1. Sort 97, 146 by Cβ crowding within 10 Å, fewest neighbours at the top.
2. At q = 0.19, 0.31 Å⁻¹, what is the base-10 log of I(q)/I(0) for the stretch 184-235 according to the Debye formula with one equal point scatterer per Cα and no solvent? Please give it to two decimals.
3. Per the Kirkwood formula on distinct C-alpha pairs, the Rh of the stretch 90-181 is how many angstrom?
4. When only alpha-carbon atoms count, how far does the stretch 135-182 stretch along each of its three principal axes, as whole angstroms with the largest first?
5. Under the Kirkwood approximation applied to all pairs of distinct alpha-carbon atoms, what is the hydrodynamic radius of the stretch 144-301 in Å?
6. With all distinct Cα pairs included, what does the Kirkwood hydrodynamic radius of the stretch 230-272 come out to in Å, to one decimal, could you say?
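Read the figures in this text as sums done on the coordinates, not as results from a lab. Remember, predicted model here, so these are calculated numbers, not experimental data. Cβ: placed from backbone, ideal geometry, glycine included. Neighbour counts: every protein chain shown.
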């Protein structure tokens, strides 16, 4: 495959993605008749959430056409396996967007797709096992970045560009096909995913992006010449995604939260808490990703010593340590306590099967023992209170303390309970 073929495939992926995303955006923003009470349109929200399928279709159409035309004869098997595995993961993500699936099922499908890529690439068993673990890990790490508008799209463009450069430097232009089409497709989708986002990548687009980046990195590393430091350079390209995953796992471990519970504790969320705007968070994440990507590419091209890879890794570790100090979880709410809590507790501790009248009688007995007078209206209907002051209205029932009783509310509550509550307030 030559350079013109890569450029043509990228341009095709860009235009296809833009056209499909524009059509999906029009349908999503079209006024809908609410399907649920409250004025919401679930179908429009579901279409916005599955907008990443347009990027998947654009990339797959461009890359598949290039394969059909014979543009990757020297590595057609590896590229076809990668495309098939990524398509399978994207299809599973689309189903997950419509109806959430179990984590174990998603991991099983991702593992099967990674095994397919490894088997068609011709890696040794030991390298194949490591490649499968790497692909599954990085796929989910990149998928976790899809929590703020434009973050995963921008970081994906930068990472795909780095993989494209590494493949071109190593002379593997066929393996550069999918990174090139992915970078172009994500760039076209970014027009609709920038804040305020009209379309979201969703699980389909996010898992497809992560799988293509992870599998492309593994294949480029396996095909790189032995003299290059690909074993150290290419993994650095996923630094930001792995840092976000490490930050989430550490913070949830410290807070004794489930690692699978999706909360606002990612890097972009913490940047928002220090007054960084949503577009600013996406730009900072993209610039952050550009530093290890550029360093890894230069090391892969043997323009820098592999020791320079420690600089972005050390900076990332320091950034994660600093972001851990930004509060991410709200403090627990204090338990409600007030005058009515004792009455609520007493009603909750009533024996099962007790009738309302028996419970009300027990509360009246307790109130009498405490020295509170039972209202006359509760004992003698139509009677007056035992104590009446000057200016008191005729026929108004009062307690021993001179407080007027409260008539029962029109909720079907027994009058005895209402009178007892008034006596307790008195």
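1. Values: 97 22, 146 25.
Fewest-to-most Cβ neighbours within 10 Å comes out as 97, 146.
2. -0.72, -1.13
3. On the way: mean 1/r = 0.0671 Å⁻¹.
Radius from the Kirkwood sum: 14.9 Å.
4. That gives 35, 22, 14 Å along the principal axes, largest extent first.
5. On the way: mean 1/r = 0.0621 Å⁻¹.
For the stretch 144-301, the Kirkwood estimate is 16.1 Å.
6. On the way: mean 1/r = 0.0870 Å⁻¹.
Averaging 1/r across every pair of different Cα atoms and inverting gives 11.5 Å.
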